[in-house]
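Data first, discussion second: the structure below is written as structure tokens.
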Amino acid sequence: MDTSAQLYESDATGWREGLYADVRHVFRAPFVNWIVRTATANHPELTRHLWGQVKPAFLTRAFAETSVAYRDAVLSALEDLPAYRRGTLGLPPSEERELRAQVETFDVVAPRLAVLFDLVDRSMSGGAVGSAPPDDPATAAPFPEHLDADRGAEPSMIAADEVDPEAADAIAGIRSFHGFDDGFPSIYRCLAQWPGFLARLWEDVRPAFESDAFDAAVDAADDVVGGYVDELAYRPALSTEALTAAGFDREAIDEVAGLFREFNAGPVETVLPALPAFATTLGVAGQRRI
């Protein structure tokens, strides 16, 4: 798959425009994530089919409970995080508001992406999905309308090769910590718009991230996601056999499966739990209970 190819939201027309609107609505986020833009650019019809299969997993109260449990699992393990009061970041008030709003958006999408990666990866690789659904109303009850509603702002980001020298050391440390050889994830390209803050943030959170506590946070978050996928009441028909029967060719299936496998098992595994941690430092983390 050509991972440099993306269909940006501004270029989406026809059913693709509708698909993107639906992803934003279901994920309660003002943007469409990189993996969806990339999959749509490379294999649009398969991505449309895939979204239709996984969408129900995000519409239940059980997922709402999972999303807040994910945040709580991370923050319960990481108790020694800095807290930046308003007016102490050395930024103009308008920029500080924008920073906090954009980081809040990443807090919203973190559990949604974690479930998406695991659910699609398992479904396409023959893993267990919905093997133990409980007799619980939450598995089919609707997602609470108030939860994560109207949070955050559309993130803006610098290009990977536009790092300000003030943040260069921090970015080098971030890449080393997460295991990225080149480039860096969206959250850091967002934070790098405020290089002085990113340098300060990384210096402050690095001890916690390099501790056993962060390993525990990653494991706890994985357990929350894994438990939800195990107990899912809706089983996506995304096996190779099901997708072949639906008319998709094997090369497209393998490429999309490989993309989600890379995200479910690669360096991003440690990036997603960092998102609620960053949000809590800025006082914009969401609910930890429903």
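The values are calculated or read from the model by the stated rules, or taken from the named source; none is laboratory data. In this text the structure is predicted, and so the values were computed from the model without any measurement. Ideal geometry is used to build each Cβ from the backbone, glycine not excepted, and the neighbour counts take in all protein chains shown. Areas reflect the complete protein model, heavy atoms only, side chains present, ligands, DNA and RNA absent. Shrake-Rupley method; radii C 1.70, N 1.55, O 1.52, S 1.80 Å.
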Placed amide H near Thr60: partners under 5 Å, 5+ positions off or other chain = Phe143
Linear extension gain, Thr244 paired with Ala160, 0.36 nm per residue minus alpha-carbon span | 26.5 nm
Report the normalised scattering of region 1-115 as log10 I(q)/I(0) at q = 0.12 Å⁻¹, calculated by the Debye formula with identical scatterers on the alpha carbons.
-> -0.58
Mind listing the phi-derived Karplus ³J(HN,Hα) values for region 173-185, rounded to whole Hz, using 6.51, -1.76 and 1.60 with θ = phi - 60°, and x for any glycine or proline?
-> x, 5, 4, 5, 5, 7, x, 9, 6, 8, x, 7, x
On a 0 to 90 degree scale, rounded to 10, what angle separates helix 14-27 from the longest Cα axis of the chain?
-> 60 degrees
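Going through region 223-290, which trypsin sites (Lys or Arg not before Pro) have at most 14 other Cβ atoms within 10 Å and a DSSP loop state? Could the numbers behind the result be given before it?
Working: sites: Arg250, Arg261, Arg288, Arg289; in loops: Arg288, Arg289.
Taking region 223-290 and a limit of 14 other Cβ atoms within 10 Å, the loop trypsin sites (Lys or Arg not before Pro) found are Arg289.
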By accessible area of protein heavy atoms, probe 1.4 Å, what ranking do Thr40, Thr13, Thr280 get, highest first?
-> Thr13, Thr280, Thr40
Between Thr88 and Asp219, take the C-beta separation as r, use R0 = 35 Å, and let me know the FRET efficiency to the nearest 0.05.
-> 0.60
From the phi of every residue in region 72-86, what ³J(HN,Hα) in whole Hz does the Karplus formula 6.51 cos²θ - 1.76 cosθ + 1.60 yield, where θ is phi - 60° and glycine or proline is x?
-> 5, 4, 5, 6, 5, 7, 9, 8, 9, 10, x, 10, 9, 5, 4
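Just tell me the longest site-free run in the chain, where the sites are GluC sites (Glu not before Pro) in a DSSP loop having at most 13 other beta-carbon atoms within 10 Å. Working shown, then result.
Details: sites that count: Glu79, Glu145, Glu162, Glu210.
Between the exposed loop sites, the longest stretch runs 211-290.
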With DSSP loop assignment and no more than 14 other C-beta atoms within 10 Å, the trypsin sites (Lys or Arg not before Pro) in region 127-219 are none
Mind jotting down the distance between the C-alpha centroids of region 190-232 and region 1-66, whole Å?
-> 24 Å
Derived scalar couplings ³J(HN,Hα) [region 119-135; Karplus, 6.51 cos²θ - 1.76 cosθ + 1.60; whole Hz; x for Gly, Pro] = 5, 5, 4, 4, 5, 8, 10, x, x, 6, 9, x, 7, 9, x, x, 8
Among the Cα-Cα pairs of region 9-282, the proportion with separation greater than 34 Å, in percent, is 18 percent
Loop trypsin sites (Lys or Arg not before Pro), region 40-124 (other Cβ atoms within 10 Å of the site Cβ: 12 or fewer; DSSP) | Arg85, Arg86
